[in-house]
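Novice: Shown below is the structure under consideration.
We did not get these values from a lab; they are worked out from the coordinates using the rules stated. Quick caveat, the model's predicted, so the values are computed rather than measured. FYI the Cβ positions are ideal-geometry reconstructions off the backbone, even for glycines, and counts take in every protein chain you see.
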Amino acid sequence: MKEKEQYIIPIFVPHLGCPNDCTFCNQKSISGQTKKVTKGEVKKTIEQYLKSFKEEDSYKEVAFFGGSFTGIEKEKQEELLQVAYQYVKDKKIDSIRVSTRPDYIDKERLKLLKKYGVKTIELGVQSTNDYILKKCRRGHTYEDVKRASKLIRRYRFELGHQMMIGLPESTKIDELNTARDLAKLKPKIVRLYPVLVIKNTELEKEYNAGEYEPLRVEQAVERCKELYYFFTRKKISVIRMGLQTTDLICSPENEKSEVVARTIS
């Protein structure tokens, strides 16, 4: 039996809900979006994507990326979720996913997501080494990751983790340890993001000052390969490696690029 084609409808909510800027982060550049999202724009985006999908018998999912969705004020969360959930109820899409921070997960937030049919919650973990998390100004700890992951699974959401390769002072051993720590928390899916040095970030300043050296492309590929095999052996699906190329996230040689230095193409 042929597997259904899977389609993602991405809704970017850059920096909404984020309490701080991590040293490597500029969500406005990464998403190519600077304005706040409205329910009208969510509806428009969903309709545009639905018209472009070729296969009628496919699995379609609305995904709220960027920012920290569960850190947004409750009224705004509901405003955006209500639009997407109506398409679920009308059987035009199959599911909803959100991305958020480990320290913005609690029972009340999970009950709200459950109310609006969210299926998958992805946590921006990046590393389980508290020293590296502090160095990058993440604002949360590995203990937050463990607590949030267990709570998400207890409420029967599909758990996803996002981790980064090549963070400041992170070694290959640190990243393998992070992978082992995450596997124990039993996520269904993982995304692997080699570090990009983005304009207007603290990491750009460190890079220009010679305080941070990105991985070479070969190093990033090798580390991603090893992590990919590790997770797949644990029956954890790696659904993404690296940011998707856009007009802004592209080769540093492109004058329009927001990327100062890259570790992987």
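Novice: At 0.36 nm per residue, and after removing the present C-alpha to C-alpha distance, how many nm does the segment from T171 to K199 gain when stretched out fully?
Specialist: So the chain would gain 7.7 nm between T171 and K199.
Novice: From the backbone phi of the range 125-136, what are the Karplus-calculated ³J(HN,Hα) couplings (6.51 cos²θ - 1.76 cosθ + 1.60, θ = phi - 60°) in whole Hz, Gly and Pro given as x?
Specialist: Going residue by residue, I get 8, 6, 7, 10, 8, 4, 5, 5, 4, 5, 4, 8 Hz, with x marking Gly and Pro.
Novice: Here's a follow-up. Compute the distance in nm between two label points, each set 7 Å from the Cα along the Cα-to-Cβ direction, one at L50 and one at E5.
Specialist: 1.7
Novice: On to the next question. Could you sort the peptides 48-56, 200-208, 86-94 by per-residue average Cβ neighbour count (10 Å cutoff), highest mean leading?
Specialist: 200-208, 86-94, 48-56
Novice: Considering only Cα-Cα distances, which of the following residue pairs are longer than 26 Å: K107/K184; K107/K146; K111/K225; K107/K199; K36/K184?
Specialist: Numbers: K107/K184 22 Å; K107/K146 15 Å; K111/K225 37 Å; K107/K199 37 Å; K36/K184 36 Å.
Pairs exceeding 26 Å: K111/K225; K107/K199; K36/K184.
Novice: Hey, another quick one. Suppose we keep just the DSSP beta bridges with both residues in the range 5-261; what percent of those would be antiparallel, to 5?
Specialist: 5
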